[in-house]
Amino acid sequence: MLVAEVQRQLVDARVADRQTAYHCPACHAPVRLHRGRQVPPYFAHLPQATCGVSSEGETPEHLRGKRQLAAFFRPWGPATLERVLPTIHQRADVWIGHQAQPVAVEFQCSPLALEAVAQRTAGYRQLGVYPLWLLGHRYRRQRLNWRLIERFASWLPQWGLCLLFWDVRRACLVVRHHLRQDAVGRYWGGQRRVGNWTQFLLGATPPMARPVLDDHRLRLQWTRGLQRQAPQLRLIQEQLYLTGHHLAGFPDVLATTQSTAPVFGQGLLLWRIVMGAWLFRGRPEITVAEVRTLSRRAYELVGGHAHGVRFQADHVLTSAQDQLLADLVAGRYLALSAQGWRVRQAPRWFRDYADWLKNHEKIKF
Ligand SMILES: [Zn+2]
């Protein structure tokens, strides 16, 4: 920690001396001043201490980062280091005494379990504090993935759904913003370095959409994936077998290049394919309730999620559902009826990739 207590006064490690007896501002146990060549000065509990207030093990990155973050956010409101919140047993790395709503900045450099993120976030919410997670180097090295998004992504007006990283070496913020998934589930988004508070407020425009999907390559890729017994594809293929279909022979009307919020597991396209198989299983009429049930089951099958720790994604599935039904009505496969939809004709599935190719070569050449 960077701040300790002496007779109820808080003292910064930078101005501390070795003669004075310092205590932890949270548990009041004695702490020791460390001053090395590599690491900026900091206080640490004695080895046997059991401090009830969670704090991250101090690394040079964490110690430097906290000071840099306090400086970065100072224009936002009075920023102080290591505010102890005894009622929720938490210590915010940087506290911004913003008038409207205080902000707790957490600089996360070490791994943290989902439950711990959820618990800390809930603690801050209980006090009406807005938690802002900044991630360190180990996280910045990672490719975008659901574990990262689920734990730490939040929605900010100028950045959309985003992840915030802090680069200690350059003392700047790195924002991965407007996070999305393409139709086959690949994560993408914009990235921007932000040197000061004003730039942070300005935000960034969403990046250009990814190029269209290569339908041909995808069907081939899936065929090979199934030959290799790729476990996630197999689960989906097993469901399709029950309706007599092959994944790589999906009807053209189900193809899409739309991106989604980054909660769609293996992606919107696989969800549409499963739905396309299930909706035409022989019933002449499909009710609204049936569509909703199938839609949720298909979403589970492709590994979709309803929320992260800091954001909800309920609407994502509803809009995917609306779009699919609209496409099927426009393609004259379904017609609107009093209860929901009436089946006019099932879309044509190809036997497999080879069959699809044969039929599409005729069109191409
Ligand atoms: Zn303590």
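Where a number appears in this text, it was derived from the coordinates with a stated rule and is not lab data. On a predicted model such as this, the values are computed, not experimentally measured, just so you know. So basically every Cβ, Gly included, is an ideal-geometry build from the backbone, and we count neighbours across all protein chains shown.
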Completion exercise
Yeah, region 222-287 with a ≥ b ≥ c from its alpha-carbon gyration tensor (a/c under 1.5 is rounded, else prolate when a/b outruns b/c, oblate otherwise) is oblate
Problem - Euclidean distance of C-alpha centroids, region 227-294 and region 124-195, integer Å - result: 30
Fill in the blank from the handout: When Cys24, Cys172 are ranked with the fewest other C-beta atoms within 10 Å first, the list becomes Cys172, Cys24
Handout entry: Estimated dipole of the chain in Debye, rounded to 20 [Cβ of Lys and Arg +1, of Asp and Glu -1, Cα centre]
Key = 760
Handout entry: the chain, helix-only ellipticity at 222 nm - DSSP H runs n ≥ 4, -39,500 (n - 2.57), divided by all residues, nearest 500
Key = -10500 deg cm²/dmol
Fill in the blank from the handout: Here the percent of antiparallel bridges among DSSP beta bridges lying wholly in region 73-136, to the nearest 5, is 60
Handout entry: Listed residues Ala29, Ala70, Ala79, most fluctuating in the chain (Gaussian network, C-alpha, under 10 Å)
Key = Ala29
Problem - Least to most buried among Val174, Val212, Val274, Val329 (fewest other Cβ within 10 Å first) - result: Val212, Val329, Val174, Val274
Exercise for the section: Take each of the peptides 11-20, 119-128, 184-193, average the number of other beta-carbon atoms within 10 Å over its residues, and list them starting from the highest. Expected result: 184-193, 119-128, 11-20
Completion exercise
Here the percent of antiparallel bridges among DSSP beta bridges lying wholly in region 38-191, to the nearest 5, is 70
Exercise for the section: First obtain the Kirkwood hydrodynamic radius of region 215-364 from its Cα pairs, then insert it into the Stokes-Einstein equation at 4 °C and 1.567 mPa s, and state the resulting D in µm² per second as a whole number. Expected result: 81
